[in-house]
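The values are calculated or read from the model by the stated rules, or taken from the named source; none is laboratory data. Predicted model, so just to flag it, every value in this text is computed and none were measured. Heads up, the Cβs are rebuilt from the backbone with ideal geometry, glycines too, and the neighbour counts pull from every protein chain shown. Surface areas here come from the heavy atoms of the whole protein model, side chains and all, with no ligands, DNA or RNA. Shrake-Rupley method; radii C 1.70, N 1.55, O 1.52, S 1.80 Å.
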Amino acid sequence: MDPDTSLLFQAPFSSYCKHFCSLEVITSICFPRCEVHTAQEQLCEGVRSPSGSWVLDHLEQLALVDFRDAEGVERLRKAIQFADQLHEVNTDGVEPMDSVLEDRCLYLREDDVTEGNCTNELLKNAREKVEEYFVAPPGIVLLIKTS
Amino acid sequence: MAAVAARGCGGVWRRAWQHGAGGPRPSSRGQRAAASSARGAVVPVGKSGLAPWVPVVGLEIHAQISSNSKLFSGSQVQFAAPPNSLVSFFDASLPGTLPVLNRRCVEAAVMTGLALNCSINKKSLFDRKHYFYADLPAGYQITQQRVPIAVNGSLSYSLCIDNKMSQMVTKTVRIKQIQLEQDSGKSLHDDTRSQTLVDLNRAGVGLMEVVMEPDMCCGEEAAAAVRELQLILQTLGSSQAVMAEGQLRVDANVSVHHPGEPYGVRTEVKNINSIRFLAKAVDYEIQRQIEELENGGTILNETRAFDSKLGCTVPMRDKEGKQDYRFMPEPNLPPLILYDAKSLPANMNHQQVVNIDWIHERLPDLPSVTRAKLVERYGILPEHSFALLNEDGLTEFFENVVKQTQMKPKKVIGWILNVLLSYLKQHSLTVKESPVSSVLMADLLNLLEKKEISSTAAKQVLAELWKGEGKTPLEIVKEKKLELIQDQKELEQICQAVIDGQENEVMAIKAGNLKVLNKLIGLVQRETQGRSNPVLVKQLLEKKLSE
């Protein structure tokens with residue numbers, strides 16, 4: 001990996017991400033099944049024209065990321081361009097490898113209770129708590145589920 | 001029109017429409033009475049004779065797996081526990097933790113797949129489904145989106161036509177797939193302080209998601225299918241499937257279209273907490289969509305919540321556009337491989353092997369099989385066997401009574417379903433809580449069978465037994481003097497007295513009006529305080545009147 005582009009995936013880039021965002025998530029945003037090229041093109045436009053900015057808004061909402069300014073968007077565009085290099089490889093007729101563990105057996109655990117009962121330890125790191133409940137930070141875009 | 005109406009739900013949909021099931025009252029122009037109006041309205045016709053509507057209902061059911069520990073961690077699975085006490089580091093998504101699959105959950109899913117006639121995928125994969133919510137600490141849920149553990153099954157269920165239970169029709173719904181996935185935690189919304197409290201006890205518990213194809217067309221079918229699934233899961237033991245405790249959750253996908261046209265836009269209905277509410281919610285949504293479309297509106301592809309108090313569905317806060325879950329393979333879990341007798345590797349550790357054939361051999365009798373056996377063994381009707389299996393413990397109670405009494409099962413079933421069950425319902429008791437045990441019931445029915453008491457007296461004894469004061473049926477009979485009068489002479493005297501006192505009626509009978517005889521029998525019964533055998537009384541009266 002060329003040292004310059006590798007930096008894209010390290011601290012400077014990650015610093016633009018709030019919690020819950022990982023490299024895998026970013027690359028999977030970049031590959032929403034069949035929209036890669038359009039997304040990249042629209043991103044290029046998005047920086048300059050308001051009509052393309054819906055892609056940015058969408059990405060920001062999905063990943064809780066803030067691209068903040070033109071420089072941030074440019075880094076994103078470069079990241080997509082970098083990942084696009086994968087398309088140069090002909091993968092016709094090749095089964096995707098989804099895990100380097102493909103030869104391993106999935107280990108099956110016995111149905112015994114071996115963990116839990118560590119409420120205090122878990123709550124130690126919580127910024128806010130109310131009577132042994134975690135308090136969810138305000139302002140998260142809540143997708144309502146009632147269940 | 002009649003031919004069109006016969007498709008889909010047919011008669012069942014007609015009735016569901018007629019009763020309105022708590023939805024917006026259909027206007028009279030939306031209904032058209034059929035020629036056979038005894039059954040009520042036919043498939044609803046739109047205003048000015050527009051084509052009828054075909055509702056389409058599909059279900060997504062989440063059943064919590066009955067296991068000691070969670071799907072990917074060793075925390076305990078328990079319904080009520082102090083908040084965050086059943087949570088491991090993995091469940092809380094602390095960095096550095098990894099999922100470890102629970103074998104029992106795999107077996108439960110295989111059992112359920114086999115019971116629902118599915119093909120079990122010998123290789124299935126795990127994926128991550130990403131979305132943000134306070135009760136999902138990892139920001140993703142581990143599920144099986146690409147290749148689930150079981151596919152292409154079917155579930156057969158029965159419905160009674162006409163609400164009379166006299167005619168049952170069997171229907172089938174296709175099962176698209178069954179997949180293993182994690183449950184999320186619970187969030188409590190504290191609106192006063194605009195914060196959300198999160199309890200992760202439920203986070204990571206194993207779920208089986210059963211996806212049904214949209215083969216159903218009304219609330220009643222959906223409810224019957226879910227009820228049957230619930231019974232199957234409980235029989236297998238793979239899930240306790242108690243909806244009230246959240247162990248069985250159902251989301252309904254509802255749409256309507258005209259016959260011959262493509263499917264309409266569907267809405268998803270959530271927050272359904274019981275089987276009864278499921279039927280109501282589905283029926284309401286169908287009617288709402290029909291009304292909306294007939295008034296020129298459109299249906300949005302949205303998620304709606306069922307409000308049980310108002311009996312209607314309301315839109316949940318709008319999710320802008322379609323959700324993008326960004327599925328990706330779960331990198332920490334290799335494929336799940338299942339074996340059968342043929343593919344079983346010779347030298348593998350038993351504990352690491354899930355053998356589909358081994359599980360198949362040990363499946364218990366499914367409800368449909370048990371019902372057939374009951375009908376065959378005891379000569380009862382299919383609808384009786386349905387009623388028996390529908391109530392937890394009732395089948396066992398019935399079989400115990402039959403074992404201990406000389407009364408024929410066909411007669412016993414009447415006492416169990418009509419008398420005992422209605423007592424239980426009145427007092428909101430389960431069979432296990434019944435103050436009358438199967439032993440006492442059998443004793444009582446024996447007295448009746450030996451003709452020592454009348455049927456009316458038996459009911460009185462049962463009422464007394466229900467008080468649970470520990471007396472036996474025989475003791476109650478003696479105490480309340482309920483025995484049938486066995487002395488023929490005494491009976492004859494009473495009959496004579498009645499005849500003497502009812503001159504008009506006697507003349508009518510002698511003139512040929514035999515129905516009046518019943519009145520005389522009734523009078524004798526009253527005189528004897530229910531202690532006379534009506535058959536015998538009739539014989540005696542007839543003999544006397546013909547003299």
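Residues in segment B:89-102 that are in contact (Cβ under 8 Å) with a residue 60 or more places away in the chain and over 19 Å from residue B:238 (Cα atoms) were compared, and the one that is nearest to the other protein chains (Cβ to nearest Cβ) is B:92. Of all the listed residues (B:118, B:105), the sole one being buried (at least 23 other Cβ atoms within 10 Å of the Cβ), under 20 Å from residue B:175 (Cβ atoms) and more than 10 Å from chain A (Cβ to nearest Cβ) is B:118. The set of residues from segment B:263-300 being farther than 14 Å from residue B:220 by Cβ and either of a type in the set (Gly, Ala, Ser) or without any contact (Cβ under 8 Å) to a residue 24 or more places away in the chain (or both) comprises B:264, B:274, B:292, B:295, B:296, B:297. When residues in segment B:162-211 are screened for being in a strand (DSSP E or B) and open to solvent by 70 Å² or more (accessible area, probe 1.4 Å), 8 of them pass. Against the numbered list (1) out of contact with any Phe, Trp or Tyr (no Cβ under 8 Å at 6 or more places or on another chain); (2) open to solvent by less than 20 Å² (accessible area, probe 1.4 Å), residue B:445 comes up short only at (1). Looking only at residues in segment A:69-117 that are open to solvent by 100 Å² or more (accessible area, probe 1.4 Å), facing another protein chain (nearest Cβ under 7 Å) and not acidic (Asp, Glu), the one that is farthest from residue B:330 (Cα to Cα) is A:117.
With respect to being modelled with pLDDT of 95 or more, over 33 Å from the mean Cα position of the chain (by Cα) and open to solvent by 10 Å² or more (accessible area, probe 1.4 Å), residue B:100 fits the description. Say whether the condition of being open to solvent by less than 50 Å² (accessible area, probe 1.4 Å) and either at pLDDT below 75 or among the acidic types (Asp, Glu) (or both) is met by at least one residue in segment A:119-130. Within segment A:119-130, none of the residues are open to solvent by less than 50 Å² (accessible area, probe 1.4 Å) and either at pLDDT below 75 or among the acidic types (Asp, Glu) (or both). For segment B:57-68, residues that are under 22 Å from residue B:272 (Cα atoms) and open to solvent by 10 Å² or more (accessible area, probe 1.4 Å) total 4. Would segment B:441-448 turn up any residue that is modelled with pLDDT under 90 and outside any helix (DSSP H, G or I)? No; the residues of segment B:441-448 include none that is modelled with pLDDT under 90 and outside any helix (DSSP H, G or I).
Table: residues versus (1) out of contact with any strand residue (DSSP E or B) (no Cβ under 8 Å at 6 or more places or on another chain); (2) within 14 Å of chain A (Cβ to nearest Cβ); (3) not polar (S, T, N, Q).
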| position | (1), (2), (3) |
| --- | --- |
| B:237 | yes, yes, yes |
| B:246 | no, yes, yes |
| B:251 | no, yes, yes |
| B:256 | no, no, yes |
| B:262 | yes, no, yes |
| B:271 | no, yes, no |
| B:280 | no, no, yes |
| B:283 | yes, no, yes |
| B:295 | yes, no, no |
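Where helices (runs of 4 or more DSSP H) sit wholly within segment B:356-425, those with at least 2 residues that are touching a residue at least 60 places away in the same chain (Cβ under 8 Å) occupy B:356-361, B:367-378, B:382-390. Considering B:432, B:408, which residue is on the phi < 0 side of the Ramachandran plot and over 25 Å from the mean Cα position of the chain (by Cα)? Being on the phi < 0 side of the Ramachandran plot and over 25 Å from the mean Cα position of the chain (by Cα) holds for just one of B:432, B:408, which is B:408. Taking residue B:241, is it more than 14 Å from chain A (Cβ to nearest Cβ), among the hydrophobic types (A, V, I, L, M, F, W, C) and open to solvent by 10 Å² or more (accessible area, probe 1.4 Å)? So residue B:241 fails the test. Of all the numbered requirements in (1) open to solvent by 90 Å² or more (accessible area, probe 1.4 Å); (2) modelled with pLDDT of 70 or more, residue A:48 misses one, and that requirement is (2). Looking at B:169, B:198, B:210, just one residue is farther than 26 Å from residue B:107 by Cβ and under 22 Å from the mean Cα position of the chain (by Cα), and that residue is B:169.
Going by what's in this entry, would residue B:316 be described as without any contact (Cβ under 8 Å) to a residue 60 or more places away in the chain, on the phi < 0 side of the Ramachandran plot and either open to solvent by 50 Å² or more (accessible area, probe 1.4 Å) or in contact with a Gly (Cβ under 6 Å, 6 or more places away or on another chain) (or both)? No, not satisfied. Within segment B:486-515, the set of residues being among the β-branched types (Val, Ile, Thr) and surrounded by fewer than 16 Cβ atoms within 10 Å (Cβ to Cβ) is empty. Of all residues being free of Cβ contacts under 8 Å to residues at least 12 places away in the same chain and of a type in the set (A, V, I, L, M) in segment B:322-355, which is farthest from residue B:142 (Cα to Cα)? Just the residue, please. Selected residue: B:346.
Do we find a residue being within 14 Å of chain A (Cβ to nearest Cβ) and either on the phi > 0 side of the Ramachandran plot or charged (D, E, K, R) (or both) anywhere in segment B:137-160? Checked against the condition, which is being within 14 Å of chain A (Cβ to nearest Cβ) and either on the phi > 0 side of the Ramachandran plot or charged (D, E, K, R) (or both), segment B:137-160 yields at least one hit.
When residue B:71 is tested against (1) part of a loop (DSSP other than H, G, I, E, B); (2) on the phi < 0 side of the Ramachandran plot; (3) open to solvent by 40 Å² or more (accessible area, probe 1.4 Å); (4) more than 9 Å from chain A (Cβ to nearest Cβ), just one condition goes unmet, and that condition is (3). For residue B:475, the test of being surrounded by fewer than 16 Cβ atoms within 10 Å (Cβ to Cβ), of a type outside the set (Lys, Arg), in a helix (DSSP H, G or I) and at pLDDT 80 or above is passed. Is at least one residue of segment B:250-264 out of contact with any helix residue (DSSP H, G or I) (no Cβ under 7 Å at 6 or more places or on another chain), open to solvent by less than 10 Å² (accessible area, probe 1.4 Å) and either of a type in the set (Val, Ile, Thr) or more than 22 Å from residue B:303 (Cα to Cα) (or both)? No: zero hits.
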